[in-house]
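First the structure, in the form of structure tokens, and then the observations on it.
The values are calculated or read from the model by the stated rules, or taken from the named source; none is laboratory data. Just so we're clear, the structure is a prediction, and the values are computed from it rather than from any experiment. Cβ: placed from backbone, ideal geometry, glycine included. Neighbour counts: every protein chain shown. Only protein heavy atoms, including side chains, enter the accessible area calculation; ligands, DNA and RNA are left aside. Shrake-Rupley method; radii C 1.70, N 1.55, O 1.52, S 1.80 Å.
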Amino acid sequence: MNRPITLATGQWGDLPLEELCELTGSLGFDGLEIAVSESVLSIEKAASSKEYCEERLEILHSHGLKMWAICAALAGQCVGDLYDPRLDNFAPARFAGKPEEIRKWAIDFMMQVPTACNNLGVSIVTGFLGSPIWKFFYSFPQTTEEMIKEGYDRIVSLWTPILDEFQRKNVKFAFEVHPTEIAFDYYSTQRLLKKMNGHPAFGLNFDPSHLIWQGVNPTVFLQDFAPYVFHVHMKDASVSYDGRRGILGSHLPFGSTKRAWNFRSLGHGDVNFEEIIRELNAMQYTGPLSIEWEDNGMDRIFGLREAISFVRRINFPPSEIEFDAAIKTD
């Protein structure tokens, strides 16, 4: 199955687009999943100028690259999150310390995204929703069911007008199940999908690295939520409990060898990608496999070269015959 292999560019935002395209093109990538930013891909400019979009796309095309999806995770986080000063890093500096202005900016931003996608010829947006109740993930002080319900209702209220605009422009939003989000594991995802009530513009960006360390089997997750999967991240994580290391990370930075789990360069963790590919084949997923590189213990160019080879090797098509079909008597 000829699924394109792309690079999620969020961790490469320090490189100019031209330089990143030259690197990924030379390594044999098929395209980029660009994390939008003012310097790399401005949503405001893309929504208002087809000429700007053509100029951005020409940079990709000159290196043999295409674009199937863009990522708007940071603005999306600001739509639904409970404010703390970390959100100041995601919004324009003039809104620092102003929670409602940050939220308004984020909503306006996300409302422009589908128009930008139409101008770019892109139909998938990956990203986050935020959560007003993430701090309740451990139910102490005591957390009532009504508090949780209000959190889900708040997300639906904030995001439905945005998703309606996505639907009008025939663009899909692929939400990434992730810690700090309204849905972060199996049952919180199940609840969110029920609350979204089958909104045609809403689905999932499947990323196994955020599931495995929580004890959720990524393949089972993929099987059960297959109809909602619009996009796939190829990202690995290692899990190792030794009696000292705790699942909550101990406030240790990513990459610390004292952590029980860490994101790893593709093929160096514990995610069973062969089973994932088999499941993607079974559900006839033909969209991008987007490599997201996060590994503080490995040089990123070394990791990227390995990762593209790993995905090329494991991205096998399904069989077109039954293996015992030729075993018959005359």
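General remarks:
- Axial C-alpha extent at least 30 Å, average Kyte-Doolittle at least -0.5 - helices from the chain (DSSP): 99-120
- Between A282 and N197, full extension at 0.36 nm per residue minus the direct alpha carbon distance yields a gain of 28.1 nm.
- For segment 38-131, with all protein chains in place and a probe radius of 1.4 Å, 54% of the accessible heavy-atom surface sits on carbon or sulfur.
- Accessible-area composition of segment 166-314, carbon plus sulfur, in percent [1.4 Å probe]: 48 percent
- Relative contact order of the chain: 17 percent, from C-alpha pairs under 8 Å at least 6 residues apart in sequence.
- Most mobile listed residue (H199, H210, H251) in the chain, GNM with C-alpha springs under 10 Å: H251
- For the chain, DSSP calls about 15 percent of its internal beta bridges antiparallel.
- Using just its DSSP H runs of length 4 or more, each adding -39500 (n - 2.57), the chain gives a mean residue ellipticity at 222 nm of -12000 deg cm²/dmol after division by all residues.
- Selection from C78, Y285, A116 lying farthest towards where the dipole of the chain points positive, charges on Cβ: C78
- Relative contact order, percent, segment 111-236 [alpha-carbon distance under 8 Å, six or more residues apart]: 27 percent
- Ranked from largest to smallest solvent-accessible area, with a 1.4 Å probe on the protein heavy atoms, L248, L120 come out as L248, L120.
- Cα-based reach from K66 at 16 Å (exclusive), listing lysines while leaving out same-chain residues under 8 positions away: none
- Within a Gaussian network of the chain (alpha carbon springs, distance under 10 Å), most fluctuating of P227, P141, P161: P141
- Size descriptor, Kirkwood hydrodynamic radius, that averages inverse alpha-carbon separations across segment 1-129, Å: 15.2 Å
- Candidates E146, E306, E275: whichever shows maximal mean-square fluctuation once the chain is modelled as a Gaussian network with Cα springs under 10 Å: E146
- Listed candidates (1) 16.6; (2) 17.8; (3) 20.5 - label of the one calculated as mean projected area of the Cα convex hull in nm²: (3)
- Only protein heavy atoms count here; under a 1.4 Å probe, K104 has an accessible surface of about 130 Å².
- Once all protein chains are placed together, S37 keeps about 40 Å² accessible to a 1.4 angstrom probe.
- Inter-label distance, nm, simple model (7 Å from Cα along the C-beta direction), S309/K50: 4.4 nm
- Multiplying the residue separation of Q214 and R86 by 0.36 nm and removing their Cα-Cα distance gives an extension gain of 43.7 nm.
- R0 of 30 Å, Cβ-Cβ distance S139-K98: FRET efficiency to nearest 0.05: 0.45
- Straight-line cross-link reach from K98 at under 23 Å between alpha-carbon atoms covers these lysines, not counting any fewer than eight positions away in the same chain: K135.
- If R0 is taken as 41 Å, the Cβ-Cβ distance between T180 and S319 corresponds to a FRET efficiency of 0.55.
- Solvent exposure of segment 25-151 amounts to 50 Å² per residue of accessible area, where only protein heavy atoms count and the probe is 1.4 Å.
- Part-to-part distance (alpha-carbon centres) for segment 1-44 and segment 80-141, which is given in Å: 22 Å
- FRET efficiency for the H61 to S37 pair, using the beta carbon distance and R₀ = 22 Å, is estimated at 0.60.
- Which listed pairs, of K172/K194; K50/K235; K104/K149, have C-alpha distances above 21 Å, in listed order: K50/K235; K104/K149
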